[in-house]
Structures are given as structure tokens and as C-alpha cells.
Amino acid sequence: MNLTLLSLKRPVTVIMTIAAVILFGLISFDRLSLEMLPNMDFPMLAVVTIYPNADAETVESTVTVPIETQVRSIRGVRNVNSTSMENASMIMMEFNWGTDLGEAENLVKSELEANSMFMPSGINDTFIMRMNPDSIAMMMLSIGSEGEPVDVTAQIKRDILPELNRVPGVAGIILSGGTDKVITVEYDHDKLVENSVNPSLLQLLIQYQNMTIPAGAIVDEGVRYQTKVGSKLNSIEDIEGLVIGLKKKQEENGGSGILGLSMLMPSFLTVGDIAEVKVEGQTAEGFMRINGKTSVVLNIYKQSGYNTVTVAKDVKNKIKELNDKYPQISLGYIFDQSEYISQSIKDLGSSAVQGAFLAIAILYVYLRSLKATFVIGISIPLSIVITFAIMLATKLELNLLTLGGLALGIGMLVDNSIVVLESIYRRREMGDSMFDAALYGTKEVSLAILGSTLTTLGAFVPVVFLSSLAGQIFKDLALTVTYSLAASLFVALTIVPLASMKLNLRAPKGVQTEADETVLTEKQKYERYGKKKSMMIYENSMLWGLKHRWYIVGIMIIAVALSLFGYSRLDQEFLPKMDMGRIDVTITLPAGSPTEKTNEASKEFEAMLLEMPWVESVSAQVGSLGTGSYLALVMSNAANESTLGVNIKQDKNKVSMNEAVVKVREASDKIKADYPGTSVTVDTSGFGSLLGGFIDIFGTKITVSVTGSNEEGINQAATELTERLRKTSGIVDVVSDLENTQPVMLLDVNRTRALMGGLTVAQIGLGVRTSSLGTTVTNINVEGESVPVIVKPSKGGEQTLASMMDLPVSSTISIMSMMGDSSSAAASAASSLMSPVTDVYVNKVATPVPQTGPVQLIRRNGERIVQVTYAFDESLKVGNAQKIAEKIAADMQLQDGVDINFGGVSELLTEGFGDLYFAAGLALFIVYFVMAVQFESFMYPLIILFTVPLALIGAVALLLISGTGVGISALIGAIILVGVVVNNGIVLVDFILQMRAKGFSTNEAIVISARSRLRPILMTALTTILGLVPIALATGKGSEISKGMALTVIGGLTASTYLTLVVVPVMFKIFDDFSNWIGRRKEVKVNEV
């Protein structure tokens, strides 16, 4: 090729080009972003609405259903799943893959704005967030400090959070376990009645007396001013001294007052006269602990597009500065995703380097020449460095998948160079000069290696364009392998011939060159080469196969059939479980258990875990800590729930994940015995509590949805399914929504009695809510900190049913006045201060009715569903665990209108496998297309494609032997095999055709080609196989995700390589005989005519 000739004649140009490539490649490597997984854009939006202190049923009817109705009509929506829980509504919208989420988000915002007027009062803002791996907390910190909790939390918010938020790449921080500073105005209800002041109007007055309103611009004496009108409260004293009216009872002494003029100088009523104003700490209902000690926890989230490792490094530097600056505050690490990423990249990189050394070692064994080994060995680093530059230019990251692609490609990177060098080496053995050997040896195989490279790349094309989650995950791997193989082709056609010529690879002793013999024809050279390179064992095997062609075909058909049967017996999984050194445990006490009892059980379990030598730390969140953000509220626990994060030591005391799970389950048995009715679930994905269970791609749980219009039938089916799953071996942690309930007390209001007291049901409800929880009416700035002001009645002790029934609800203001605009409401407040107050006690108009309500309500596409979730132990994988539930469901007698569907990771599994099967079929077509164009024949590509089912034999056998399930990783390996295993067939068939063109018969061409290509075929196969062996045997962090792919390629390539050496010659002979037979029949017919 001209490229080869140019490199041989312009060596300085080539060397300088390579130097520039190395320089830019190393710069690119330093700038590549380090991540754990590729940037996956899930086509999902979550609409989160916070409704504080509302139960699940109220949230569903007043928030979830109206929003669902609006968003389901948006273009591109596939499914709408909603979860209504205490305090919050979360609606998950699934769009078609490829949907522009930016446009979809704008459409959702428009629908929500149109629906906002129908939302109930008391809800907070509605938020929209995208679901992707960036939703995982990048880092979790614990903060310890001496002092009052209120002061500590205030200092964290004032001094720590702003500093950490300023670190580039930090998207946000959620604080859990803190005690917020609030100003409470606790009024005495009797004093309000005594002075004819209504509680609702008291709240409005405090709110509207702390306000400034813009009033436009004015010009005074030539100066333009922006004006605002109002006044601000700045301290507790300001609130206490706030005048809210006139005292109704004057002093009995008529001469009281200034100079006895008390009637002319009325006594003003202030907030301090009827309420106690004080600063106190507002804590959540739950508890937060680290290693048994109360703590404040910070979850730090990264901005999308930033390098996790770099951001984490900057955060750590900032933490070091803060520890030095504030010695009284101690910041420690609970979870750091960057450490796992760095260690995973390091371990996988180490496996890749080991594979490269093994590949180079096998080259030396075959070539027995340091020079020749060096020529091929340099193709590995050069190709990788070129790949780094292309990755940076195309905005790829260095993650477990792209690094796995590089590790996979290391063995294949030398394939083209091996074929070129072996051809050059053979030309030298045949007597060519060094220049002619470099030029013609490369030219002889250039089309073959171009075709083999294109077929390998062609197999990746369908993966790149898959829009499903499987495509999102492995797209970067496919692109990385594509870049590296393209780089290796360039190196093989330029650097290898140039280096061979400059290093002057000599012919072995005893071989004559052009300088000392007459010039031989090409046919004479190959005849002489064949006589000197007889390989009797292989040649005899191939000749036997050529004589017994149909025996070979029959044996291959039987072997492929057995492999298909073996494939059906393999366990299925989406992605393998990754050992992140972390276990998430959820303890659920019986419905109605107060937070204090849950905390007691959690403390006992924490103590048991901390006594285990392999446990590094235990973080615990008991009950709800959702006081800082909408995400904290959504991901918070119920009062009867506690989530524990157990970090496993990575030193000599380290145990395997399976061992750790067994020990955790053993400890949980004691908790279940001490607290009857308690359930304990274990999540080994490493992301459980960090994601709130909203994204599960590592196959730790399976969700079964029972749907239909028959509520009784749904409940019956869910109950039966739950019971049967719990009795099944290998199935653990079975949880049903039907069992996830809580006691609810309904205060049933008598509308007639309420109306006789001048109240409606809504007024009584709002009055009880205000009296029980208080109302945040405004914020004031105290020492630079915005502090909420909460107005609530003074009450002693814990709220009980009796105390709630004794609450008075005042009725001097109508609902309409409260729903008016701010100015009319303020005017109403001012004018009603002197109005008489009528109290209606709750026990006079309402009756308590105990009920049982769900903790959460789940809907799918507007239909109520019941979910049964279960996990499985190490004896099962996702596919088998799903088949067990499918068999149980098939045996059940379902009522009419009831269906059972599988979701979660099983849904991903079905969709991913379907897409990859399609991709494999498309890859076969593309490979055939490339070969048909290369050979300008329909027949020869069919001969080569017979190597693909041969690969299935070895791939399935090795997966079965190793006990590895077939997952997305293994299927990607199978697609890679489609493009790789045909390469040896391409080289062999291409060489047979070349030999026939040089005058050899078909049998002679087959024998000579088989002899000549045996060494490069074995070398290319062994370098790829040995390059992947360290990855297949790796046990380091992150190795799980590439292991299935490595085993599939090793097994498939091993079987196909050795079988190809016999089967391809046999199939070539069969097709050649068939062609000759067709030709003879045509010749006979012509002669007859």
C-alpha cells in the first residue's frame, strides 16, 4: 500500500509523527475524566412534591393523581409510575430511549405550572430531577463537635457548607441529623380569647408586620431612588414588642396610667403579653448515628460532567483546610466513591498490563527473536496512546467499561502487527531483501488485515447505536475498542514494516537470499518454503479432515447443538454484583411502632455489628431526618424503619461479600426474636441507601407487580405470592406492600355541628393542623442567619389523642378571607383583631375513628398496583430467581382482571437481552457484508461464518465450568466474538485464494496456506487469549463487570481457533467441490445443446 511505501521511504517523517502522537496521547491521558460507570442518560424524570405531615392516601388523592393526569399526556412518555408516601409524592416518568430530556423537562414544567392552582395549600414547591448515576452521593461525611446541637448545626451551615459548596463540581449537599435554629412563638390560648385575638390572624399579623414591598422609582432633587415600603423584624425583642392590638382589661385602679390619663393612653397588647418567644432547636423525628454515636452527616453530590476523582480530591483538600481552621469540628469519611473508582481503575489497569506482558511473552516463544518481539510489542503502547488522544477528542471518560475495552483490545492490538511481521519474516526466510520483505510482506496481507479489522469493528456498530440501557452502558467500550483497533491497523501498516527494516530482521541460518541464488518465481519460493516447514501433526489432522469432510460437519453440528442446550442452562443476570465493600441493611418494625422503639432495636443491631472484626463502620438513620431538602424527605424512613450502612474493612480482617451477608443475617435473627414482627432486608449492591432504591442496575432485587381492576383479587394474589416465595429455597427478604401499613386516626367531623359553630370541615382541619404542628409565618435575619418563626400553641408534654380532642378551633375569620390576596388578608387581619372569638372544641364536632393506612401507595399508568419485592442468595442469579417466581405465578389461580408482571432488574434483563440478540444478528450481517465486499463473493464469506457457531462451543463451556452467569457483559463478549473469530478464517481463505492465483491446485493451496498461516493464527489467538486471562482471573474492585466478557472471548476464541484450522479448510473444500459440480453440470448442458 502507498502508506507502507511512504513509511519506508520517509522514516524521519513517520518517527516525528509518532513522537507527536505520543506527546498528545500522554497529555490526553492526564486530562481524561475518571468515573466508575459511563455517563448514562436514563430517559427518566422524577417529579417530587413535598406535602409535610400528610399521610400516603392524602398525598395520593390531592397531589399524585392530579399531577399524573397532567403528565401522562406528554409526548414520548412510555410509563408513569408513582409512589405516594408520608410527606411526599414521587412520580417517575419513563420516556422512549433517545428522547430529548431537556425538551421533556420543559413540557413537564409547563404542565405543572398549569396544574399549580389546583394543588392543596400547605405543599412545598414541586421539583423535577433526572435519574442517572450522578444521583448517587459522591461522598458521605460525618461531623462531630462539642457544644449545643443548635450551635453546631448553625456553624456547619454558616462556615462549612458554603466552603464545600464553592468547590468546583459540587452540585449540592444534604445535611442529615442536624438541629436547626428556630424562633417559636408559643401563645397562651386563654389569653388570646381574653383579648379577642384569633390564632390565624395572629399568624397573619406577624407575617405582614415583617415585610418590605417595592414601590417603584422616584426622583428627588435630581437623584433617582428605588423605593420600598415596610419594616423588618431583627430580633426576639422585636417580635415580643410587636403590637397586635389593645388590652381588653384595664387596671382596676382608675388612676393608673400616665398622670392618671389611662383612658387617653390605652394599653397596647403585644406578642410578648400573650406568647412566649424563644430560640430553640428543631430536630427531626429520627436519629442519625455513626458507630453508635449521634452525628451530623453530609451527603455531597457531584455535578454532571465533572470528574468524580478530581472533585473528591478538591473536597478532601478543602476538608483538610476546614479541620485546620475549625479545630473544634471534626470531619470524617463514611463513604467515598472516588476511592472505589481509583482502586477499580488501578486494579483493572494492573490486569491489563499483566495481559500485555503475557501477550509479549508468547510472541517471544513463537518468534524466538528479541528484535521481532520488540517490533510487535511497541504496537501495544503506541495504539493505546493514540486511543487516549481520540477518547479525549470524542469526550469519552476513563471508566470501568472503557478501561475494560482497552484491556480487551490489548491482545487484539498485536494481531495486525503479528500478521504483518510474520509475513515479513516469512519473506525473509524465502530469500527477499529487507526492503522487499517489508514492502511486499505487508502488501501481501494488507487487504486481509484491513478486512479482519473492519469485520471486528463492524460487530461493534450495532452496540454503538443501541438506544437501550445495555447500549448506554457498553457504547463507550465499543468506541474504545474501535479506536484502539483502528490505531493498531495504522501501526501495523506503517511502524511495523519500518521498524522491521531498520532493525534488519535477518533470515535464519541456512536460508539463501537473493544475493546468493538465482531469482525464483513466487510459486517456486512457496514450494521450497513448504518443503522446509512441514508440520506433520497439524497437516495429518487437516488431511484426515479433508478426506472425511462429512464426519467433521456432523461432529460440529452435534457440538453446536450441545452448546445451545448448555446456554439454556446458564444463569442469567443483567450486570454482575459488584463488591463495593458496603452492605445496606433495612430494619422494619411492625406497623405503628414509634420511632423510639425503632431506635432501640437499631441500637441493639448496631452494637452487634460493631463487635464483628471485619466491620469498619456502621452508619444508621432511624426514622425521618427529612428537614433539609426535598431529596432528604423523599429518601427518609418511616417511623418504624432504620437503614444501616455497613462498611467492610479492606485489611487482613476483610471477608468476602457472601460471608459478610451470612453474618449480618445471623445477627438479624436475634433482632427478629427480640422484636416480634420485625423484618430485616439486606442490599449488597453498594448503592441501596445512597439511591433510595430508585435505580437498581446491579441485580440485587426483583419486583413483581400485581395489577388489575379487582382490588380483592389483587390483594389475594399478592398475599399468596408472598407466602409461596417465602417458602422457596434461595429466596430471601420478601416484602409486600400489603404488609407495609401503619395505624391512622381519623377525626371524623360532623359537618352540621361544625357549621353551627361557624366552621367548615376545612377550617377545623386547618385549625387542628396549625395547633398540632404550628405554622412557619416568616423568617427574620439574626446575626446574618435567616431563622424561621413558628407560631404554635403552648402545650405541655407529648401530644395525645385526648389533648388533640381538647383543642379549641377559633372561628372569627372565614375561609374566603384567608384565600384572598395579601393586601385583603392583611386588611382582614387588622380589622378582625377586635372581633369576638368563638371557640369550637374538636371533641364537640369530631369523632376519632382508628384505621389502618398504607405507608406508601404505588400506581402504574394510572392504575393502583401492589408490589412484592424479593432478593436471592448466592445460590441464584437474576434469571433463575425470576423463573422461580414466574413458575409460582403460573401455578396460581388468578381471579379475572388480575395480572402479574415483572419489573425492576428483571425488566431491564428482558429488554437488554432482546436488544443484544438483535445486535448480534445485525453484527453477523455487517460482518458478512464486509467480507462479501472484500472477496467480491457470496460463497467465501459463508465459509468463514462457519467459525461463529464454533466459538459458541467454547464460550458456553467456559461459562459453565467457571459457574459464571450469562449477562449483558457476556453477551457483549459474544458480539465481540462475531467480529474476532472470523479474522483467522479471513486470513486463511484470503491466503488460499492467493495461492490458487499463483498456480497451485485447490488441495495444494489449502495445504500450503494452512502451513503458512498456522503460526500467525496461533500467535494472534494466544495473544488475545493470554491478554484477557488476568481480567478473567482478577478479584480486585470492579473486576466483576469485565469478567463475563473476558471468559466468553477466551472460551470462544480458544475453541474457534483450533477448530477453524480444520473446519475452514474442510468447508472450503466442500464449497469448492460444490462449485465445481455446478460448473460441470453447466458444461454438460452446454455440450448437450
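Some points to look at:
- Scan of the range 362-394 for residues that are over 21 Å from Ile22 (Cα atoms), touching a residue at least 24 places away in the same chain (Cβ under 8 Å) and surrounded by fewer than 17 Cβ atoms within 10 Å (Cβ to Cβ), ordered by number: Lys371
- Counting only residues that are crowded, with 19+ Cβ neighbours inside 10 Å and either under 16 Å from Arg130 (Cα atoms) or hydrophobic (A, V, I, L, M, F, W, C) (or both), the range 71-91 holds 10 of them.
- Only residues that are within 29 Å of Leu466 (Cα to Cα) and either aliphatic (A, V, I, L, M) or at pLDDT below 85 (or both) were counted across the range 79-89, and they come to 1.
- Every residue from the range 993-1045 that is more than 28 Å from the chain's Cα centre (by Cα), basic (Lys, Arg) and under 25 Å from Gly954 (Cα atoms): Arg1011, Arg1013, Arg1015
- For the range 273-285, the criterion of a residue being without any contact (Cβ under 8 Å) to a residue 40 or more places away in the chain and either part of a loop (DSSP other than H, G, I, E, B) or over 30 Å from Arg31 (Cβ atoms) (or both) is satisfied by no position.
- Condition check for Val464 on (1) buried (at least 24 other Cβ atoms within 10 Å of the Cβ); (2) hydrophobic (A, V, I, L, M, F, W, C); (3) free of Cβ contacts under 8 Å to residues at least 60 places away in the same chain: one failure, at (1).
- Any hit, the range 164-184, residues being over 30 Å from the mean Cα position of the chain (by Cα) and exposed (fewer than 15 other Cβ atoms within 10 Å of the Cβ): no
- Scope the range 1-49; condition assigned to a loop (DSSP other than H, G, I, E, B) and of a type in the set (S, T, N, Q); matching residues: Ser33, Asn39
- Residue under evaluation Leu908, criteria (1) assigned to a helix (DSSP H, G or I); (2) more than 29 Å from Ile473 (Cα to Cα), criterion not met: (2)
- For the range 751-797, the set of residues classified as more than 22 Å from Asn87 (Cα to Cα) and part of a strand (DSSP E or B) consists of Asn779, Ile780, Asn781, Val782, Glu785, Ser786, Val787, Pro793, listed by residue number.
- Lone qualifier among Ala932, Ala919, Ala951 - being free of Cβ contacts under 8 Å to residues at least 40 places away in the same chain and either farther than 30 Å from Glu68 by Cα or of a type in the set (D, E, K, R) (or both): Ala932
- Test: residue in the range 622-641 that is farther than 19 Å from Gly177 by Cβ, crowded, with 17+ Cβ neighbours inside 10 Å, hydrophobic (A, V, I, L, M, F, W, C) and at pLDDT 80 or above: no
- Meets criteria (in a helix (DSSP H, G or I), surrounded by 19 or more Cβ atoms within 10 Å (Cβ to Cβ) and not hydrophobic (A, V, I, L, M, F, W, C)) for Glu68: yes
- Criterion applied to Ser28, Ser33 was being modelled with pLDDT of 85 or more and farther than 30 Å from Gly441 by Cα, and the one residue passing it is Ser28.
- Contact map, the range 1034-1055: first residue basic (Lys, Arg), second residue crowded, with 24+ Cβ neighbours inside 10 Å and assigned to a helix (DSSP H, G or I), Cβ cut-off under 7 Å, separation 6 or more or different chains; pairs are Lys1043/Ile1031.
- Counted residues, the range 979-1003 - those being part of a helix (DSSP H, G or I) and touching an Asp or Glu at 6+ places or on another chain (Cβ under 9 Å): 7
- Where Ala104 falls short, out of the listed (1) crowded, with 16+ Cβ neighbours inside 10 Å; (2) assigned to a helix (DSSP H, G or I); (3) more than 22 Å from the chain's Cα centre (by Cα); (4) not acidic (Asp, Glu): (3)
- If you go through the range 644-687 and pick out every residue that is touching a Ser or Thr at 6+ places or on another chain (Cβ under 7 Å), farther than 22 Å from Ala137 by Cβ and either among the basic types (Lys, Arg) or at pLDDT below 85 (or both), you end up with 1.
The values are calculated or read from the model by the stated rules, or taken from the named source; none is laboratory data. Computed from a prediction, not measured in an experiment: that's the story for all the values here. Glycine also receives a Cβ, built like all others from the backbone with ideal geometry; neighbour counts cover every protein chain displayed.
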